[in-house]
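Trainee: Quick one: structure below, then a few questions.
The values are calculated or read from the model by the stated rules, or taken from the named source; none is laboratory data. No experiment lies behind these values; they were computed from the predicted model shown. Don't worry about glycine lacking a Cβ; one is built from the backbone with ideal geometry, like all the others, and counts go over all protein chains shown. What goes into the accessible areas is simple: the full protein's heavy atoms, side chains included, and nothing from ligands, DNA or RNA. Shrake-Rupley method; radii C 1.70, N 1.55, O 1.52, S 1.80 Å.
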Amino acid sequence: MRVGGIAFAWRPRIAAAYGALLAVTVAALAVSLMAGDYEIPLPGVLPAVLGHGERLDVYFAQGVRLPRALVAIGAGAALGIAGAVFQSLSRNPLGSPDIIGFTGGAATGAVAAILVFGGGTVAVSTGAVLGGIATAALVYLLALKKGVQGYRLILVGIGANAMLLAVRDYLITRAELTDAITAQVWMIGSLNGRGWGEAAAVAIGVAVLAPVILALGPRLRLMEMGDQTASALGVPVQATQVTALLVASALTGAAIAVCGPIGFVALAAPQLARRLARANGTTLVGGALMGAALLATADLVAQRAMAPSQLPVGAVTAVIGGAYLIWLLYREWRSGRA
């Protein structure tokens with residue numbers, strides 16, 4: 001199909017899948033704006049978002065619910081893209097930031113900012129991003145041997161994650177009780193109380209970093225055929241690996257900085273998107289859409305499953321993602337790949 005001077009392949013199955021994911025995300029956003037202790041009728045949601053209608057409708061829609069929902073969508077998209085990149089580089093469905101240790105690095109950086117430096121929101125965000133990037137650099141250098149191979153990257157990442165968890169636990173044991181409780185609550189992963197500041201931060205992170213990854217998409221798809229084949233086709237393999245790892249780690253850090261370590265979204269989103277679209281290779285856009293749909297829906301469940309009490313969204317994704325990981329490991333074992 002050609003639109004103006006730009007030609008692209010039209011695949012109805014992929015377009016339908018991505019449209020369905022977008023519809024799920026919009027539906028979750030609408031229900032999130034409507035439901036709560038103070039309910040807003042569906043016809044009043046859009047006017048309230050635009051600042052019209054009843055004063056309480058505008059307050060809850062604009063000031064409370066919309067920024068939280070946008071944080072969920074933005075963080076989910078960031079985790080979905082990061083998961084697609086790591087799984088592409090490792091050529092393994094288990095190669096997500098959760099398993100390899102980049103989530104642990106970002107979380108340890110944020111906890112160090114809370115417990116060691118007594119930092120506020122900006123310091124925690126900076127610590128999460130720097131922790132994720134530093135872990136990416138360390139794991140890449142330790143796994144580097146004539147390029148980065150999938151299983152070596154995963155095994156080095158698991159080892160690095162174990163060490164980072166030990167450092168994080170040690171910091172908590174040495175902290176004051178109130179600081180330790182603050183850090184422990186943060187590590188569960190929650191969207192409670194998130195406002196426009198967090199929504200703007202994650203939106204800026206995704207807007208700056210996602211185009212870089214999308215530009216690397218064709219190279220990543222060629223590298224899935226093997227480093228030698230990609231190099232023969234003119235792809236600078238190591239430069240692409242380093243750039244993709246650093247940018248994907250920064251995306252992971254940007255998501256963790258605003259909502260804490262949310263598990264399993266980065267692991268499940270790319271694989272579920274590929275299966276839904278029946279696509280081969282790296283699905284960066286699909287991973288982003290699936291991640292946004294998963295986290296927006298999980299946050300809605302966290303808010304309403306045990307209302308009026310609210311669950312941390314990290315607990316919801318852990319329950320769903322844990323079941324998915326067991327199924328994935330069983331499938332890998334049956335296929336002889338694990």
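Trainee: Can you name every residue in segment 274-304 that is in contact with a Ser or Thr (Cβ under 9 Å, 6 or more places away or on another chain), at pLDDT 90 or above, surrounded by 24 or more Cβ atoms within 10 Å (Cβ to Cβ) and of a type outside the set (Asp, Glu)?
Mentor: LEU289, MET290, ALA292, ALA293, LEU294, LEU295, ALA296, ALA298
Trainee: Could you say which residue among VAL206, VAL247, VAL212, VAL237 is farther than 30 Å from TYR59 by Cα and touching a Gly at 6+ places or on another chain (Cβ under 7 Å)?
Mentor: Criteria check complete, one pass: VAL237.
Trainee: Follow-up. For residues that are open to solvent by less than 20 Å² (accessible area, probe 1.4 Å) and part of a loop (DSSP other than H, G, I, E, B), scanning just segment 227-260, find the one that is farthest from GLY131 (Cα to Cα).
Mentor: VAL235
Trainee: Can you tell me how many residues within segment 189-198 are closer than 18 Å to VAL316 by Cβ and over 15 Å from the mean Cα position of the chain (by Cα)?
Mentor: The initial filter retains those residues of segment 189-198 that are closer than 18 Å to VAL316 by Cβ, namely 189-194.
This time we only want the ones that are over 15 Å from the mean Cα position of the chain (by Cα), so: 192-194.
The qualifying residues number 3.
Trainee: From the list GLY263, GLY217, which one is of a type in the set (Gly, Ala, Ser), in a helix (DSSP H, G or I) and within 15 Å of GLY80 (Cβ to Cβ)?
Mentor: Being of a type in the set (Gly, Ala, Ser), in a helix (DSSP H, G or I) and within 15 Å of GLY80 (Cβ to Cβ) holds for just one of GLY263, GLY217, which is GLY217.
Trainee: Tell me, yes or no, whether segment 98-116 has at least one residue that is open to solvent by 20 Å² or more (accessible area, probe 1.4 Å), within 21 Å of LEU216 (Cα to Cα) and out of contact with any strand residue (DSSP E or B) (no Cβ under 7 Å at 6 or more places or on another chain).
Mentor: Within segment 98-116, none of the residues are open to solvent by 20 Å² or more (accessible area, probe 1.4 Å), within 21 Å of LEU216 (Cα to Cα) and out of contact with any strand residue (DSSP E or B) (no Cβ under 7 Å at 6 or more places or on another chain).
Trainee: Also, I was wondering about something else. Test each condition in (1) closer than 29 Å to GLY263 by Cβ; (2) buried (at least 24 other Cβ atoms within 10 Å of the Cβ) for LEU66 and report the one that comes out false.
Mentor: Looking at each condition in turn, LEU66 falls short on (2).
Trainee: Test each condition in (1) open to solvent by 30 Å² or more (accessible area, probe 1.4 Å); (2) in contact (Cβ under 8 Å) with a residue 60 or more places away in the chain; (3) more than 21 Å from THR240 (Cα to Cα) for ALA137 and report the one that comes out false.
Mentor: Condition not satisfied by ALA137: (3).
Trainee: To continue, here is another question. So is ILE154 closer than 16 Å to LEU94 by Cβ, at pLDDT below 85, open to solvent by less than 80 Å² (accessible area, probe 1.4 Å) and outside any loop (DSSP other than H, G, I, E, B) or not?
Mentor: Answer is yes for this residue.
Trainee: When only residues in segment 305-319 that are in contact with a helix residue (DSSP H, G or I) (Cβ under 7 Å, 6 or more places away or on another chain) and in a helix (DSSP H, G or I) count, which is surrounded by the fewest Cβ atoms within 10 Å (Cβ to Cβ)? Talk me through it step by step, then tell me what you get.
Mentor: Initially, segment 305-319 is screened for residues in contact with a helix residue (DSSP H, G or I) (Cβ under 7 Å, 6 or more places away or on another chain), giving 310-317.
Filter once more, keeping what is in a helix (DSSP H, G or I): 313-317.
On the way: VAL313: 29, GLY314: 24, ALA315: 15, VAL316: 23, THR317: 28.
Applying the filter and picking the extreme gives ALA315.
Trainee: Still on this structure, I have one more. Going through segment 37-63 one residue at a time, which ones are buried (at least 16 other Cβ atoms within 10 Å of the Cβ) and in contact (Cβ under 8 Å) with a residue 24 or more places away in the chain?
Mentor: PHE60, ALA61
Trainee: In addition: For ILE204, work out the one condition from (1) open to solvent by less than 20 Å² (accessible area, probe 1.4 Å); (2) closer than 28 Å to ALA15 by Cα; (3) more than 10 Å from the chain's Cα centre (by Cα); (4) of a type in the set (Val, Ile, Thr) it doesn't fulfil.
Mentor: (1)
Trainee: Another question, if that's okay. Would you tally the residues in segment 88-112 being of a type in the set (D, E, K, R) and in a helix (DSSP H, G or I)? Outline the logic, then answer.
Mentor: As a first pass, look at segment 88-112 and keep what is of a type in the set (D, E, K, R): 91, 98.
If we keep only those that are in a helix (DSSP H, G or I) as well, we get 98.
Within segment 88-112, residues that are of a type in the set (D, E, K, R) and in a helix (DSSP H, G or I) number 1.
Trainee: Does at least one position in segment 222-234 carry a residue that is under 30 Å from GLN184 (Cα atoms) and either at pLDDT 85 or above or out of contact with any strand residue (DSSP E or B) (no Cβ under 8 Å at 6 or more places or on another chain) (or both)?
Mentor: No, segment 222-234 contains no residue that is under 30 Å from GLN184 (Cα atoms) and either at pLDDT 85 or above or out of contact with any strand residue (DSSP E or B) (no Cβ under 8 Å at 6 or more places or on another chain) (or both).
Trainee: Can you tell me which residue in segment 219-267 is nearest to MET290 (Cα to Cα), limited to those that are under 11 Å from the mean Cα position of the chain (by Cα) and polar (S, T, N, Q)?
Mentor: Within segment 219-267, the match that is nearest to MET290 (Cα to Cα) is THR252.
Trainee: Between ALA302, ALA279, ALA288, ALA298, which is in a helix (DSSP H, G or I) and in contact with a Gly (Cβ under 7 Å, 6 or more places away or on another chain)?
Mentor: ALA288
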